[in-house]
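Novice: Just dropping this structure here.
What follows is calculated from the coordinates using simple rules that are stated; it is not laboratory data. Values in this document were obtained by computation on a predicted structure and should not be read as measured data. Positions of Cβ are generated from backbone atoms using ideal geometry, with glycine treated the same way; all protein chains shown enter the neighbour counts.
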Amino acid sequence: MVTGRERACVLISLFVFSGASVDCGLQAPLSRIVGGANSVEGEWPWQASLQVRGRHICGGTLIADRWVVSAAHCFQDERLASASIWTVYLGKYLQNATSHTEVSFKVIRLFLHPYYEEDSHDYDVALLQLDHPVIISTLIQPICLPAPSHLFEPGLHCWITGWGALKEGGSNVLQKVDVQLIQQDICSEAYHYMVSPRMLCAGYHKGKKDACQGDSGGPLACKEPSGRWFLAGLVSWGMGCAHPNHYGVYTRITQVLGWMNQTMS
């Protein structure tokens, strides 16, 4: 059964925050995803944990000083559709402990893509507006958004991060795993042509490495030769977790940028 990874339970490489130019997509100097490993604290400074009443539900990605992007399917249950119930954590590393680096935000507005389709997971993207601006540091900063023309080539190795299940069925420590971008026609055939142009596939033919429940909405991040990380996709759906010939399917960011920029402006 094809499901989302979790149910119920820019165009420029510099962003401007409070009058100061701050780089995006740069990792700090550094002294439960299937097949992954523990990340290092501060390694993924754009990673967000989206929680309801203290429980991690989905992942998200900081893209501007008051905006986090996630997957629309995280909010499709009517009990999760209200912005006011959500708390966003940035700078978080452990789920069962509070880090000195983490900051929490309430969500004041929640936007789901108007073309989002629950059954097909097409246009699976949502934007959360935070109640106050993020203070940007090396440990909390936005990822870079690609230009609409940006090509993430098949074969490129990118990374997924999150606190999702380590096997089908959460991890306490933020996990990371490398995945390979898959040619669109190959993935579409594997999923009986249910993969739309708004989707991007990543993983391996043999499986073993993938996102899973709880990782939904989290980033598929790709590092460019410049050393900056760009957001290529959002964890959206798949057939099980890390099964052979069933890749992870992600919302393709370049295809929903227009709506994102319009919503945030």
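Novice: Simple spin-label model, 7 Å along Cα-to-Cβ: A28 to D119 in nm?
Specialist: Inter-label distance under the simple model: 4.6 nm.
Novice: Could you give me the ³J(HN,Hα) list for segment 258-263, computed from phi with Karplus coefficients 6.51, -1.76, 1.60 and θ = phi - 60°, whole Hz, x at Gly and Pro?
Specialist: Taking θ as phi minus 60°, the curve returns x, 5, 4, 5, 5, 5 Hz for segment 258-263.
Novice: Run the simple label-point estimate for D131 and L151 please: 7 Å along Cα→C-beta, distance reported in nm.
Specialist: It is 4.6 nm.
Novice: On a full-extension model of 0.36 nm per residue, what is the gain between I85 and R109, subtracting their alpha-carbon distance, rounded to one decimal in nm? Intermediate values should be presented prior to the final figure.
Specialist: Details: separation 24, 0.36 × 24 = 8.64 nm, distance 1.09 nm.
Roughly 7.5 nm would be gained on extension.
Novice: Another one. From the square roots a ≥ b ≥ c of the eigenvalues of the alpha-carbon gyration tensor of segment 54-132, which class results: rounded (a/c under 1.5), prolate (a/b over b/c), or oblate? Show your work: numbers first, answer last.
Specialist: Values: a/c = 1.99, a/b = 1.73, b/c = 1.15.
The shape class here is prolate.
Novice: Zone of A37 (label point 7 Å along Cα→Cβ, backbone N under 19 Å): which residues in segment 216-233?
Specialist: Taking a point 7 Å out along Cα→Cβ of A37, the residues of segment 216-233 whose backbone N falls under 19 Å are 221-223.
Novice: Enter the Cα centre distance for the pair segment 174-206 and segment 59-88, rounded to the nearest angstrom.
Specialist: Segment 174-206 and segment 59-88 have Cα centres spaced 24 Å from each other.
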